[in-house]
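Comments concern the structure below.
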Amino acid sequence: RSLGGMDTWRYCPHGPEDGCGCRKPEPGLVTGAAADLGVDPRECVVIGDIGADVEAALAARARPVLVPTPVTRPEEVRDAPCVAPDLLTAVGEVLR
């Protein structure tokens with residue numbers, strides 16, 4: 001595999017009460033970024049540090065990689081399909 005395009009930035013300006021489709025764990029940020037890049041979300045990898053990142057990736061049918069930080073809860077690590085100890089290792093997982 002190769003590391004593809006990463007030339008898109010997406011953010012969600014909404015609060016939890018707004019009920020938008022782009023606030024994680026909804027898939028809108030992932031599907032929007034995939035559309036920006038012209039790829040199917042199933043070809044994307046989402047690297048994040050909380051369970052909502054993993055859930056958003058799964059909802060978009062992308063591949064999640066969790067990189068735990070001090071804010072990551074133990075159950076999020078336990079439930080993640082792929083966990084990497086750091087960003088460099090996470091990128092290595094992407095290239096596999």
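The values are calculated or read from the model by the stated rules, or taken from the named source; none is laboratory data. Predicted model, so just to flag it, every value in this text is computed and none were measured. Neighbour counts are summed over all protein chains in view; Cβ atoms, including those assigned to glycine, are modelled from backbone coordinates with ideal geometry. Quick note on the areas: whole protein, heavy atoms, side chains included, nothing else; ligands and nucleic acids left out. Shrake-Rupley method; radii C 1.70, N 1.55, O 1.52, S 1.80 Å.
The conditions are (1) in contact with a strand residue (DSSP E or B) (Cβ under 7 Å, 6 or more places away or on another chain); (2) touching a residue at least 12 places away in the same chain (Cβ under 8 Å); (3) assigned to a helix (DSSP H, G or I); (4) open to solvent by 30 Å² or more (accessible area, probe 1.4 Å), and residue 81 fails exactly one of them. Which is it?
(3) is the only condition that residue 81 fails.
Has the range 12-23 got any residue that is open to solvent by 60 Å² or more (accessible area, probe 1.4 Å), out of contact with any Cys (no Cβ under 8 Å at 6 or more places or on another chain) and in a loop (DSSP other than H, G, I, E, B)?
yes
Please specify each residue of the range 84-93 satisfying the condition of being surrounded by fewer than 18 Cβ atoms within 10 Å (Cβ to Cβ) and part of a helix (DSSP H, G or I).
Passing the criteria: 87, 88, 89, 91, 92, 93.
Across the range 65-96, which residue is farthest from the chain's Cα centre (by Cα) among those that are small (Gly, Ala, Ser) and within 15 Å of residue 53 (Cβ to Cβ)?
84
Collect the residues in the range 35-78 that are assigned to a loop (DSSP other than H, G, I, E, B), modelled with pLDDT of 95 or more and open to solvent by 60 Å² or more (accessible area, probe 1.4 Å), keeping them in residue-number order.
Once the filter is applied, which keeps residues that are assigned to a loop (DSSP other than H, G, I, E, B), modelled with pLDDT of 95 or more and open to solvent by 60 Å² or more (accessible area, probe 1.4 Å), the range 35-78 yields 61, 70, 71, 73.
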